[in-house]
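The values are calculated or read from the model by the stated rules, or taken from the named source; none is laboratory data. Because the structure is a prediction, the values reported are computed rather than measured. No Cβ is skipped: glycine too gets one built from the backbone with ideal geometry, and neighbour counts run over all protein chains shown. Protein only, heavy atoms only, side chains kept; ligands, DNA and RNA dropped before computing areas. Shrake-Rupley method; radii C 1.70, N 1.55, O 1.52, S 1.80 Å.
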Amino acid sequence: MWRKTPTIMSYNKKMYPCTCSDCGKSAEVPFQPKEGKPVYCRECLPKHRTPRF
């Protein structure tokens, strides 16, 4: 999911500051967070994803 090397698309992505709903750390996400919806940092996101089969 997350690439360590930059791609062409990642150069143009605007990042938005947020606070992780799980651990409370500051993070940045590539979308505008909406009021009332949880946002997770890179470390917490895998804990809240449903497994893909």
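Find all pairs meeting these conditions: Cβ atoms under 8 angstrom apart; at least six residues apart or on different chains; first residue within the stretch 30-49 and among the aromatic types (Phe, Trp, Tyr); second residue open to solvent by less than 90 Å² (accessible area, probe 1.4 Å).
PHE31/TYR16; TYR40/CYS20; TYR40/SER21; TYR40/ASP22; TYR40/ALA27; TYR40/HIS48
Scan the stretch 11-31 for residues that are modelled with pLDDT under 95 and part of a loop (DSSP other than H, G, I, E, B) and jot them down.
LYS13, LYS14, MET15, PRO30, PHE31 - these are the residues of the stretch 11-31 that are modelled with pLDDT under 95 and part of a loop (DSSP other than H, G, I, E, B).
Which of the residues spanning the stretch 26-40 are surrounded by 10 or more Cβ atoms within 10 Å (Cβ to Cβ) and under 12 Å from TYR16 (Cα atoms)?
Matches in the stretch 26-40: ALA27, GLU28, VAL29, PRO30, PHE31, PRO33, VAL39.
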